[in-house]
Amino acid sequence: MRQNHSHTAARAINIPTHKSVSQFIINPHIIGWVCIGIYIAVLGFSGFRLYTGIRDRRTLAEKEFFNLAEVSATEGANGFMTELFKAQILDALETSQTLQGVILSAGPAGNYSFERLKGETVNWTGDVPHFRPQFGISKRPLVEGLQIPSMRNVYISAVYNTIDYNRIITILKHTLFVITAAFGIACLTFILQFFPARVSSYPPLRKPSKSTLEGSYAKKEPPAPDKARPKEGPVPDLHDTSPPLSSGIGEAPKTGAAAPPPSAEEVQGLLSKRIGEESAIRDRLASELHHCAFFEQDMVFMIMALKGKVQQNTLYPVLIDEVLRFFILPDLIFEKKPGGIALILPDITLDQGLAKSGEFHQQVLGKYPEFTQNQENLYIGMSSRAGRFINAERLMLEAGQALGKAREDASAPIVAFRSDPEKYRAFMASQNTKPS
């Protein structure tokens, strides 16, 4: 560990690559078809229950009607249309669960009617009674002949209620419950579409053994089993506000890009439309810092740059395309000249930023071996809010100087500035600087 100006320090440490990335992806099409299947199944099952209820209702009505016919024949033999006879029929009608009205036809002896509710079921046309057509009442009455001594052509008929309203209410409750549950699942799926589908699990960094008043740099080395830990390099001065990126870097790789080079018009479209302009970085970063501070979220500001003189019509557009495809934050990705890209990554920690950048670095190396050739062609520097009330200029300075340290040591192309919030506040107080 070597200190400079008594407020910064640098140390190269090994950052293990995250073990796995688990993805929780909800396919709305699958959920939609499942919900439709639930709707169809519950409606079909409810319809089947209604049908079986009507069938069972008719079976019960026939049973009650034949019992009534038997009682009528027995009491009629003791005396037709006596008070006891009438009382027996009314009692059987009232205790029935289905029968609503009864008509007794006795030929020359006359016609008689009995109703559960008087005037609701039977109408009279002259001396002839008939059942009133109603919803829920059987259209075809049940008819049976009565064997009564000394009487001929005696018939009893009755209508019944085909609908059990209590059963229907129960079926509707169950149907509504299932449909509501399926609708809730559909709504939950719709809401979850607004959350990131990718949730990564990252291992913690191995902390440096010593830190300074403000922070330290953590370098991520590429996998190299036969290499020793890189040596410590010179320490940058955090008070130096000069731009962290310099144009005088080594020559670019001689080999061409794996993807076909786009035309000049396509390059302009990539630079002007696909990512933001460099002039917009400061304002957008200040806005995101304010948002993350309000919600007490962390945030990472990252700068990546290619080695050498970048060919604007080959290497740089391909890098932009890969960054857009990997980070999926088009409104938080900006051009950083010369040959660099700046990214604002809200709601992630510095450890997660290191892991994501390492995954991206390895992906680019594997996908474009002729584009990068070796790990020295793409450098990444970053810093995070880390619970500090920090302004945009300071965070850009820390990420830029981290990028500068990455250029100093080719064996560790990814460097993160790790700050200590308490020491940072003490340092800012000693400088009489008010964070914004």
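The values are calculated or read from the model by the stated rules, or taken from the named source; none is laboratory data. All of these numbers come straight from a predicted model, not from anything done at the bench. Cβ placement follows ideal geometry from the backbone for every residue including glycine, while neighbour counts extend to all protein chains displayed. We work out accessible area using only protein heavy atoms, side chains counted, and drop any ligands, DNA or RNA first. Shrake-Rupley method; radii C 1.70, N 1.55, O 1.52, S 1.80 Å.
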| request: Kindly indicate whether any position in segment 175-188 is open to solvent by less than 50 Å² (accessible area, probe 1.4 Å), over 30 Å from I31 (Cβ atoms) and either touching a Lys or Arg at 6+ places or on another chain (Cβ under 9 Å) or free of Cβ contacts under 8 Å to residues at least 24 places away in the same chain (or both). | output: no
| Looking at segment 50-68, which of the residues that are among the acidic types (D, E) and in contact (Cβ under 8 Å) with a residue 24 or more places away in the chain is least open to solvent (accessible area, probe 1.4 Å)? | E64
| Does segment 389-410 hold any residues that are under 34 Å from the mean Cα position of the chain (by Cα) and modelled with pLDDT under 85, and which are they? | F389
| Failed criterion for Q147 (all others in (1) part of a loop (DSSP other than H, G, I, E, B); (2) closer than 30 Å to I168 by Cα hold) | (2)
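Tell me, which residue of segment 112-137 that is closer than 21 Å to E70 by Cβ and of a type outside the set (A, V, I, L, M, F, W, C) is farthest from the chain's Cα centre (by Cα)? Even if it seems obvious, please write down each step before you answer.
Applying the first criterion (closer than 21 Å to E70 by Cβ) to segment 112-137 yields 112-116.
Of the ones still in play, those that are also of a type outside the set (A, V, I, L, M, F, W, C) are 112-113, 115-116.
Numbers: Y112: 69, S113: 65, E115: 60, R116: 57 Å.
Looking at the filtered set, the residue picked out is Y112.
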| Can you find a residue in segment 162-175 that is part of a strand (DSSP E or B) and acidic (D, E)? | no
| query | Of all residues in segment 129-155, how many are among the aromatic types (F, W, Y) and out of contact with any strand residue (DSSP E or B) (no Cβ under 6 Å at 6 or more places or on another chain)? | reply | 1
| said: For the list (1) farther than 19 Å from G339 by Cα; (2) part of a loop (DSSP other than H, G, I, E, B); (3) in contact with an Asp or Glu (Cβ under 9 Å, 6 or more places away or on another chain), I need the number of the one condition that A410 fails. | reply: (1)
| message | When you check I380 against the structure, is it at pLDDT 85 or above, within 16 Å of R274 (Cβ to Cβ) and in contact with a helix residue (DSSP H, G or I) (Cβ under 7 Å, 6 or more places away or on another chain), yes or no? | response | no
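Going through segment 60-98 one residue at a time, which ones are hydroxyl-bearing (S, T, Y), touching a strand residue (DSSP E or B) at 6+ places or on another chain (Cβ under 7 Å) and over 21 Å from P149 (Cα atoms)? I'd like the intermediate steps shown before the answer.
In the first step, residues of segment 60-98 are kept if they are hydroxyl-bearing (S, T, Y); the result is 72, 74, 82, 95-96, 98.
Filter once more, so that each one left must be touching a strand residue (DSSP E or B) at 6+ places or on another chain (Cβ under 7 Å): 72, 98.
Answer for segment 60-98, where residues must be hydroxyl-bearing (S, T, Y), touching a strand residue (DSSP E or B) at 6+ places or on another chain (Cβ under 7 Å) and over 21 Å from P149 (Cα atoms): just T98.
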| task | Tell me, please, whether a residue that is open to solvent by 20 Å² or more (accessible area, probe 1.4 Å), part of a helix (DSSP H, G or I) and modelled with pLDDT under 85 can be found in segment 97-108. | result | yes
| remark: Listed by first then second residue, the pairs whose first member lies in segment 379-397 and is over 15 Å from A293 (Cβ atoms), whose partner is part of a loop (DSSP other than H, G, I, E, B), with beta carbons under 6 Å and at least 6 positions apart or on separate chains, are Y379/P413
| said: When you check T170 against the structure, is it open to solvent by 40 Å² or more (accessible area, probe 1.4 Å), modelled with pLDDT of 90 or more and of a type in the set (S, T, N, Q), yes or no? | reply: yes
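Which of the residues spanning segment 337-363 are within 19 Å of I275 (Cα to Cα) and either open to solvent by less than 30 Å² (accessible area, probe 1.4 Å) or touching a Lys or Arg at 6+ places or on another chain (Cβ under 6 Å) (or both)? If you could, list the steps in order and put the result at the bottom.
Initial filter on segment 337-363 (within 19 Å of I275 (Cα to Cα)): 337-346, 357, 360.
G339, G340, I341, A342, L343, I344, L345, S357, F360 - these are the residues of segment 337-363 that are within 19 Å of I275 (Cα to Cα) and either open to solvent by less than 30 Å² (accessible area, probe 1.4 Å) or touching a Lys or Arg at 6+ places or on another chain (Cβ under 6 Å) (or both).
Yes or no: segment 28-48 includes at least one residue that is open to solvent by 50 Å² or more (accessible area, probe 1.4 Å) and either on the phi > 0 side of the Ramachandran plot or at pLDDT below 85 (or both).
Here is the first cut: in segment 28-48, the residues open to solvent by 50 Å² or more (accessible area, probe 1.4 Å) are 28-30, 33-34, 36, 38-41, 43, 45, 48.
Now narrow it down to the ones that are either on the phi > 0 side of the Ramachandran plot or at pLDDT below 85 (or both): 28-29.
There is at least one residue in segment 28-48 that is open to solvent by 50 Å² or more (accessible area, probe 1.4 Å) and either on the phi > 0 side of the Ramachandran plot or at pLDDT below 85 (or both).
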| Total residues in segment 150-164, condition open to solvent by less than 20 Å² (accessible area, probe 1.4 Å) and touching a Ser or Thr at 6+ places or on another chain (Cβ under 6 Å) | 3
